[in-house]
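The values are calculated or read from the model by the stated rules, or taken from the named source; none is laboratory data. Here the structure is a predicted model, which means the values were calculated and not measured. Note: ideal-geometry Cβ built from the backbone for every residue, glycine included; neighbour counts use all protein chains shown. Surface areas here come from the heavy atoms of the whole protein model, side chains and all, with no ligands, DNA or RNA. Shrake-Rupley method; radii C 1.70, N 1.55, O 1.52, S 1.80 Å.
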Amino acid sequence: MIWFQFQSLIGSYPLALRGLGMTVALSAISLVLGTLIGFTLGVLRTSGNRLVSRVIGLWIDLIRGTPFLVQIFLIFFILPEFGVELDAFTAGIIALTNLAACFICEIVAAGIRSVPTGQVEAALASGLSQWQRMRQVVLPQAMRVSLPPLVGQYVLLIKDSSVVSAIGLTDLTRVGWLVVQRVPNGLLVFAIVGIGYFVVCYPLILLARRLERRMSAAHGEVQL
Amino acid sequence: MLENFSFRTIIEYLPLLGEGFVATLWLSIVSFAGALAVGIILCAMNLQHSQVLKLPAKMYIDAIRATPLLAQLYFLYFGLPRLGMVLPELFVGILALSLNSGAYIAEIIRAGILSISRGQVEAGVASGMTYAQRMRLVILPQAIRVTIPPLLGQAIVLVKDSALLSLISVSELTRAGQLLASDRFMPAEGFITTAACYLLLYYGLKSLAVLSARWLGVRPIGSRI
Amino acid sequence: MIEFRGVNKWFGALHVLKDITLSVEPREVVVVCGPSGSGKSTLIRCINGLETIKDGRLVVDGQRLGDRATNMTELRTEIGFVFQSFNLYPHKTALENVTLAPIHVRKIQRTEAESAGREMLAKVGLAEKFNAYPAELSGGQQQRVAIARCLCMRPKIMLFDEPTSALDPEMISEVLDVMVGVAEEGMTMMVVTHEMGFARKVAQRVVFMDEGAVVETGTPEEFFSDPKTDRSRAFLSKILRH
């Protein structure tokens, strides 16, 4: 019995590899896009324009306040009503990028706000332009604060990519779901799926931890 | 376009959506209570010096944090019957949510305890308190204060995560929206209404978190929602 | 009352206490001074076991530290410790701060502990601040609450770890006055401080430490007017220049 299951599991090996590839592709594309958009929006959010900041704030609340699953359904089923034809992969990328941009925007904005006003004043006093102040003084310091949560956020987003299996994309989780229909051993199948995610996510978790420790060491905080 | 947006259908489905809303609410409350219990136990294990308790707790927390909730949910949903435990979907869902959020709550509580300065511990030691007395009288009262806002943040995460339970056909809010969407081919009506209901819960919990942070004089929740 | 004999301590490779031999008699007030990093804080932190010693003998109130028979928790109730950074409990009022240990460690009745606590707070000049939280008090007031917190345990020994170095200059004297009062009532005290006025006024002995070793001991009179070693002369000239 176990041997038979094992054999059909090995038979599912190409499928599993495709699933892993899909998960990695989905995560990688939307992380890159999300980071670019999130950075831009984060800088805009703290630029001092009230209206822009409000609009971004509202969008963030809408994204943070609703389940990702519902967001995917909205994008996948409702955008076509506006005449936008989407396949599941594009819908998944849009949903994940949107989610990533939202969280990264907040992380970057928090990083920028954490830079003491004295730094901006010093830059002002030495005659740097707004762009120079941002690029030379504020962003480098903000990045140091933002980096650990940013890496942590990447882990969350890779995990969230599993939810796109709900619209039929054959990612790692969907592969597990398909295999378990043929090999009725949920513990084994989803333990293997879990290992797949673990292999991708755990190094990032360790990296985030290391960055965080280095940060607090640099700031001279007491380690307990 | 959405010019045919049908409020009539939404009103027609209001009882179903209402039931879904109530179901999401109470299953979130039950799961959060479960998660608190799991979190407290894990955190207590993690703070021990003995590796016998510390190591399993750490491994559990890492395993939960490095894998998606959906995979954990399917692990239990397809796996438990294998162990001879055939449980109702609702129960499996609550179990998965509790076990998942518990790992995050353990880390929140631990961060709260470690945020208490060394001097506080030493003041307790110097006045002759035992470990239990220091925990009870000095550390925990201060740690709980800084823990409440992030715990409310975790509650927001849990409410949103509960939407995944619709994928193992638990009748809750997202499931109700799906039914409306597929019965009447009206995805807009179904999912926008669903989203609005979640936003209601989100804004409620968020204001609670902000208010509690103000009352307790600690900084508000971070970005992990 | 306190007896160090050949005590050594390392932090990793750093030899922070070198062969310390020193004793403090009952009712004696000893001031410990020396440059920063000389090991003076570590020395008094060893006495109530906040730090552990590597070898040598340390006997406090007739009990040897590190001995299995010695109950540290019990011994600590006999030793008051005043921190540089006060370490008041921020979630408790002044009165709750001073009654917490008497109620839970000494197991004194709450009403009794509270009346003793009020009396003690009044004695350090904080009669109107019973219900104030630490955040509402000035540094000097917080440190006086911290001293009252120790005194409420009726300790046999009081240790002070640089009690005035975190304070604004104008608040130092209010804390020193309280400490002088405690000394004059006959408390056994060890005080790490650079306040030489305090040392002259109440100390029977001054201990000068440098690089983890006791370099010189003497009466305040001898030490200040006629330091015996180059190191203590250099140290004194730096302090007195202020």
key: Flag if C:P134 is farther than 26 Å from B:Q142 by Cα and over 16 Å from the mean Cα position of the chain (by Cα)   = no
inquiry  = Here is a check on your reading of the model: is A:T23 assigned to a helix (DSSP H, G or I) and more than 14 Å from chain B (Cβ to nearest Cβ)?
reply    = no
message = Anything in the range B:166-189 that is open to solvent by less than 10 Å² (accessible area, probe 1.4 Å), at the interface with chain A (Cβ under 10 Å from one of its Cβ atoms) and either within 16 Å of B:E89 (Cα to Cα) or in contact with a strand residue (DSSP E or B) (Cβ under 6 Å, 6 or more places away or on another chain) (or both)? List them, or say none.
response = B:S166, B:L173, B:T174
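Let me confirm something: among A:S114, A:S53, which residue is surrounded by fewer than 21 Cβ atoms within 10 Å (Cβ to Cβ), within 12 Å of chain B (Cβ to nearest Cβ) and in contact with a helix residue (DSSP H, G or I) (Cβ under 6 Å, 6 or more places away or on another chain)?
Working: A:S53 fails: within 12 Å of chain B (Cβ to nearest Cβ).
Going through A:S114, A:S53 in turn, the sole match is A:S114.
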note = Residue pairs qualifying under the 8 Å Cβ cut-off, at least six apart or on distinct chains, with the first in the range B:111-140 being charged (D, E, K, R) and the second being open to solvent by 60 Å² or more (accessible area, probe 1.4 Å), are B:R118/A:V222; B:R118/A:L224
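Can you tell me which residue among B:L73, B:L97 is within 10 Å of chain A (Cβ to nearest Cβ), in a helix (DSSP H, G or I) and open to solvent by less than 50 Å² (accessible area, probe 1.4 Å)? Outline the logic, then answer.
Details: B:L97 fails: within 10 Å of chain A (Cβ to nearest Cβ).
Criteria check complete, one pass: B:L73.
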remark   = Only unsatisfied item for B:L87, checking (1) in a helix (DSSP H, G or I); (2) surrounded by fewer than 19 Cβ atoms within 10 Å (Cβ to Cβ), is (1)
task = Inspect all residues belonging to the range B:121-144 and state whether any of them is β-branched (V, I, T), out of contact with any Gly (no Cβ under 9 Å at 6 or more places or on another chain), within 13 Å of chain A (Cβ to nearest Cβ) and open to solvent by less than 20 Å² (accessible area, probe 1.4 Å).
result = no
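Can you give me the number of residues within the range C:135-177 that are assigned to a helix (DSSP H, G or I) and open to solvent by 10 Å² or more (accessible area, probe 1.4 Å)?
Within the range C:135-177, the subset assigned to a helix (DSSP H, G or I) is C:135-136, C:139-151, C:169-177.
Checking the rest, the ones that are also open to solvent by 10 Å² or more (accessible area, probe 1.4 Å) come to C:135-136, C:139, C:141-142, C:144, C:149-151, C:169-174, C:176-177.
Within the range C:135-177, residues that are assigned to a helix (DSSP H, G or I) and open to solvent by 10 Å² or more (accessible area, probe 1.4 Å) number 17.
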query = Would a scan of the range C:110-122 turn up a residue that is in a loop (DSSP other than H, G, I, E, B) and either open to solvent by less than 50 Å² (accessible area, probe 1.4 Å) or more than 14 Å from chain B (Cβ to nearest Cβ) (or both)?
reply = no
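Residue-by-condition table, conditions (1) open to solvent by 50 Å² or more (accessible area, probe 1.4 Å); (2) more than 29 Å from C:S138 (Cβ to Cβ); (3) part of a strand (DSSP E or B):
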{"position": "C:A183", "(1), (2), (3)": "no, no, no"}
{"position": "C:H194", "(1), (2), (3)": "yes, no, no"}
{"position": "C:F208", "(1), (2), (3)": "no, yes, yes"}
{"position": "C:T217", "(1), (2), (3)": "yes, yes, yes"}
{"position": "C:E221", "(1), (2), (3)": "yes, yes, no"}
{"position": "C:K228", "(1), (2), (3)": "yes, yes, no"}
{"position": "C:R233", "(1), (2), (3)": "yes, yes, no"}
{"position": "C:L236", "(1), (2), (3)": "no, yes, no"}
request  = Can you confirm whether the range B:190-213 contains a residue that is away from every other protein chain (no Cβ under 11 Å), assigned to a helix (DSSP H, G or I) and within 26 Å of B:F5 (Cβ to Cβ)?
outcome  = no
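Can you pull out every residue in the range A:7-39 that is open to solvent by 80 Å² or more (accessible area, probe 1.4 Å) and under 18 Å from the mean Cα position of the chain (by Cα)? Reasoning before the result, please.
Taking the range A:7-39 and keeping what is open to solvent by 80 Å² or more (accessible area, probe 1.4 Å), we get A:7, A:10, A:13-14, A:17-18, A:32, A:36.
A:V32, A:L36 - these are the residues of the range A:7-39 that are open to solvent by 80 Å² or more (accessible area, probe 1.4 Å) and under 18 Å from the mean Cα position of the chain (by Cα).
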inquiry  = Of the conditions (1) away from every other protein chain (no Cβ under 14 Å); (2) open to solvent by 70 Å² or more (accessible area, probe 1.4 Å), A:L62 satisfies every one except a single condition; which number is it?
reply    = (1)
task = Kindly list the number of the only condition in (1) more than 14 Å from chain B (Cβ to nearest Cβ); (2) closer than 19 Å to C:K9 by Cα that fails for C:E51.
result = (1)
ask   = What residue, among those in the range A:65-88 that are open to solvent by less than 60 Å² (accessible area, probe 1.4 Å) and aromatic (F, W, Y), is nearest to the other protein chains (Cβ to nearest Cβ)?
value = A:F73
request  = Name the residue, out of C:L75, C:L14, that is within 18 Å of the chain's Cα centre (by Cα) and among the aliphatic types (A, V, I, L, M).
outcome  = C:L75
note = Of the conditions (1) closer than 23 Å to C:F81 by Cβ; (2) among the small types (G, A, S); (3) more than 14 Å from the chain's Cα centre (by Cα), the single one that C:S225 does not satisfy is (1)
query = In the range C:1-40, what residues are loosely packed, with under 15 Cβ neighbours inside 10 Å, at pLDDT 90 or above and of a type in the set (S, T, Y)?
reply = C:T21, C:S23
query = Counting just the residues of the range B:100-120 that are open to solvent by 20 Å² or more (accessible area, probe 1.4 Å) and at the interface with chain C (Cβ under 10 Å from one of its Cβ atoms), which one comes out farthest from the chain's Cα centre (by Cα)?
reply = B:R118
